[in-house]
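I have placed the structure first, in the form of structure tokens, so that the comments after it can refer back to it.
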Amino acid sequence: MQNSYVIDRRLNGKNKSAVNRRRFLERYKKHIKKAVNEAVNRRSITDMEKGESITIPSRDIQEPHFSHGQGGQRTFVNPGNKEFSQGDRLRKPQGGGAGGNGSGQGASDSGEGMDEFTFNISQDEFLEFLFEDLALPNMVQKELREMEEFTYRRAGYSTQGTPAKMNIVRSLRNAHARRIAMTGSSRRRIKELTAELESLEAKGPLADDEVRIEEITDQIERIKRKMAGIPFIDDFDLRFNRHEKQPIPTNAAVMFCLMDVSGSMTQSTKDIAKRFFLLLYMFLRRNYEKIEVVFIRHHTSAKEVDEEEFFYSRETGGTIVSSALKLTDEIIKHRYPPSAWNIYVAQASDGDNWNDDSPVCRKILTEAIMPLVQYYSYIEITPRDHQALWYEYESIYGDFPDQFSMEQIVEAGEIYPVFRKLFQRREAA
């Protein structure tokens, strides 16, 4: 059986390739998602912002084609033919198989075959599939103090503007109205003179009437010439579409990142915490334009730092978790009023804390922070049994099940699954 392949050789229009690529990615979304998840498991978190090579089995890729049965006479015109001329007789293939063996494409003598299709996705496409089904929980619409996005909306007409914004219909309507207003008295005068002229002509030929008829005729002509001198359209008639700049309501969110850098945090534990926050940081920057990130490090005392110091500076000391919670509460009250901001907090720790401080942490969270935030996530990075801080946080989870979540991470391979569990997309209540 012969196969006829249809190849579209028309030139692509503007942006057509981008549309076709988007359709291709949607069609093989299952394969791409699988490859992205496998890439996450073998990459380091700091190496996430790269593209990925995607392989699709050939059995999942099909091209539309027409098939012809055996027998009959057919005439072909094959482009690019350099071997045959018109009238040459060709032997008909036996069995309809490629290569004369009746099936398949034939085996490769090198042990390799064309069984898979491989292509690359860009960095943006990789991150899009990575964070596709994640979202900040409980995101609600709130007022923004500073609007940075605007749109232009129609706001009537103006007498000045650029030719591109000229409203032709409104301009012609104004010109027509102006001509009607300016010629109203003239048209009434012409109507009166015309009636008088008709009455004089009805009387018959009289010498005095002939003189009056000429005067009326001349007067009508002068009025008509005056009316014809009125311009069809004047600068006064022109109207231009007017647009006003109006702000677009958007969601404002702030994420607090709290990390323990005390002496109890080993270097491997700190690395896991850094990877978690790097993943969180990429997720926030990827999906939300109107979002701010506050970095807070703590041991016995807490301080707000920039991104560089948060991820890479080294400190040692004891652990007082409440210092970070107090600083978070102060920053919220001074800079991020809940009426204008969606507030989120993510905390990473190894669970160590002064025993007397853990109840203080629960009190600060329950009374001060949880009523103000949309979501609070806590990860404990330790292979050991839980300590007092975890059990205090469990009581908070019982009081705020929709706003508070907590998970444990033992090794680096659990970072991404825990991250997805904490920030999976939730249906609106």
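The values are calculated or read from the model by the stated rules, or taken from the named source; none is laboratory data. Remember, predicted model here, so these are calculated numbers, not experimental data. Heads up, the Cβs are rebuilt from the backbone with ideal geometry, glycines too, and the neighbour counts pull from every protein chain shown. Accessible surface is based on the protein model in full, side chains and every heavy atom, while ligands, DNA and RNA are left aside. Shrake-Rupley method; radii C 1.70, N 1.55, O 1.52, S 1.80 Å.
What number of residues in region 342-360 are open to solvent by 40 Å² or more (accessible area, probe 1.4 Å) and closer than 23 Å to Pro371 by Cβ?
2
Considering region 206-237 alone, what residues qualify as being outside any helix (DSSP H, G or I) and more than 60 Å from the chain's Cα centre (by Cα)?
Leu206
With the structure loaded, tell me whether Ala340 is assigned to a loop (DSSP other than H, G, I, E, B) and of a type in the set (Gly, Ala, Ser) or whether it fails that test. Can you show your working first?
Working: assigned to a loop (DSSP other than H, G, I, E, B): yes; of a type in the set (Gly, Ala, Ser): yes.
The answer is yes for Ala340.
So, in region 166-188, exactly how many residues are open to solvent by less than 90 Å² (accessible area, probe 1.4 Å) and in a helix (DSSP H, G or I)?
As a first pass, look at region 166-188 and keep what is open to solvent by less than 90 Å² (accessible area, probe 1.4 Å): 166-167, 170-172, 174-175, 177-181, 183-186.
Those left that are additionally in a helix (DSSP H, G or I): 170-172, 174-175, 177-181, 184-186.
Residues in region 166-188 being open to solvent by less than 90 Å² (accessible area, probe 1.4 Å) and in a helix (DSSP H, G or I): 13 in total.
Pick from region 374-405 the residues that are farther than 18 Å from Thr300 by Cα and touching a residue at least 40 places away in the same chain (Cβ under 8 Å): which of them is surrounded by the most Cβ atoms within 10 Å (Cβ to Cβ)?
Filtering region 374-405 for residues that are farther than 18 Å from Thr300 by Cα and touching a residue at least 40 places away in the same chain (Cβ under 8 Å), the one surrounded by the most Cβ atoms within 10 Å (Cβ to Cβ) comes out as Ile381.
Consider only pairs whose beta carbons are under 6 Å apart and that are at least six residues apart or on different chains; among these, list those whose first residue lies in region 169-184 and is farther than 11 Å from Leu238 by Cβ and at pLDDT 85 or above and whose second residue is among the β-branched types (Val, Ile, Thr) and in a loop (DSSP other than H, G, I, E, B).
Hits for this filter: Arg179/Ile230; Met182/Ile230.
Taking into account only those residues within region 302-322 that are surrounded by fewer than 16 Cβ atoms within 10 Å (Cβ to Cβ) and assigned to a helix (DSSP H, G or I), which is modelled with the highest pLDDT?
Glu309
Would you check if Ala348 is touching a helix residue (DSSP H, G or I) at 6+ places or on another chain (Cβ under 7 Å), within 13 Å of Cys257 (Cα to Cα) and of a type outside the set (Lys, Arg)? Spell out the reasoning first.
On the way: touching a helix residue (DSSP H, G or I) at 6+ places or on another chain (Cβ under 7 Å): yes; within 13 Å of Cys257 (Cα to Cα): yes; of a type outside the set (Lys, Arg): yes.
When the stated conditions are applied, Ala348 passes them.
Name the residues in region 406-416 that are assigned to a helix (DSSP H, G or I) and exposed (fewer than 15 other Cβ atoms within 10 Å of the Cβ), would you? Spell out how you get there, then give the answer.
Narrowing region 406-416 to residues assigned to a helix (DSSP H, G or I): 412-416.
Once the filter is applied, which keeps residues that are assigned to a helix (DSSP H, G or I) and exposed (fewer than 15 other Cβ atoms within 10 Å of the Cβ), region 406-416 yields only Gly413.
Could you give every pair whose Cβ atoms fall below 7 Å, whose first residue belongs to region 327-342 and is in contact (Cβ under 8 Å) with a residue 60 or more places away in the chain, and whose second residue is crowded, with 16+ Cβ neighbours inside 10 Å and among the aromatic types (Phe, Trp, Tyr), counting only separations of at least 6 or pairs across chains?
Thr328/Phe256
What are the residues in region 258-280 that are in a loop (DSSP other than H, G, I, E, B) and farther than 17 Å from Ala324 by Cα, if any?
Answer for region 258-280, where residues must be in a loop (DSSP other than H, G, I, E, B) and farther than 17 Å from Ala324 by Cα: just Thr266.
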